[in-house]
Amino acid sequence: MFEGAVSVVDGPGFHVDVDKVAEAGSGISRSVTDQQGFQLRSLCGDAELYGHQGVHDGLMDFCVRWSDGLDILTDDADKIGDTLTRAANAYCGIDDASARTLRIDPGQQAVEGG
């Protein structure tokens, strides 16, 4: 947060802890970055470790499918983290005096507008 920024925004029908929204956005983004470097495909090792090619192939198939699923989840999580960060930035763009006169939630446009 920057100096002079509001940390809580209240308006008709909404209450936002801006610091928590910003923390959530950056936390999700960090998790996505950590996950992007991890590939389950390389987890299996060589077939000799299992003593049977079929067991190795079954585990490899499982790891590839699981990794593909994680890729989909991290893509979705990345979008969520970006959206939360945009919303937090929208809240940070208002000052304390403006926050007291809000009629609509400034974060809503950031979320809905992409």
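The values are calculated or read from the model by the stated rules, or taken from the named source; none is laboratory data. Only a predicted model underlies this, so the values are computations on that prediction, with no experimental measurement involved. Heads up, the Cβs are rebuilt from the backbone with ideal geometry, glycines too, and the neighbour counts pull from every protein chain shown. We work out accessible area using only protein heavy atoms, side chains counted, and drop any ligands, DNA or RNA first. Shrake-Rupley method; radii C 1.70, N 1.55, O 1.52, S 1.80 Å.
Computed over Cα pairs, the Kirkwood radius of the chain leads via Stokes-Einstein (1.306 mPa s, 10 °C) to a diffusion coefficient of 94 µm² per second.
Expressed as a whole percent, the accessible surface of the chain that belongs to carbon and sulfur atoms is 55, based on a 1.4 Å probe.
For the chain, the longest principal axis of the C-alpha atoms and the axis of helix 18-36 are separated by about 20°. Within the chain, the longest run free of trypsin sites (Lys or Arg not before Pro) that sit in a DSSP loop with at most 12 other Cβ atoms within 10 Å is 1-99. For the chain, the mean residue ellipticity at 222 nm estimated from helices alone is -20500 deg cm²/dmol, where every DSSP H run of n ≥ 4 contributes -39500 (n - 2.57) and the total is divided by all residues, rounded to the nearest 500.
Ligands, DNA and RNA aside, C92 has an accessible area near 10 Å² when probed at 1.4 Å.
About the centre of its Cα atoms, segment 5-114 shows a dipole size close to 300 debye [charges on the beta carbon of Lys, Arg (+1) and Asp, Glu (-1) only; nearest 20 debye]. Just to confirm a number: summing +1 for Lys and Arg and -1 for Asp and Glu over residues other than S26 whose beta-carbon lies under 13 angstrom from that of S26, what do you get? Overall, the nearby charge balance is -2.
Dipole orientation for the chain: of the candidates L70, A24, Q108, Q108 has the Cα lying most toward the positive pole (charges on Cβ; Lys, Arg +1; Asp, Glu -1).
Shape descriptor for segment 40-79: Rg over Rh equals 1.16 (Cα atoms; Rh from the Kirkwood inverse mean 1/r). Only Cα pairs under 8 Å and 6+ residues apart enter the sum, and on that basis the relative contact order of the chain stands at 42 percent.
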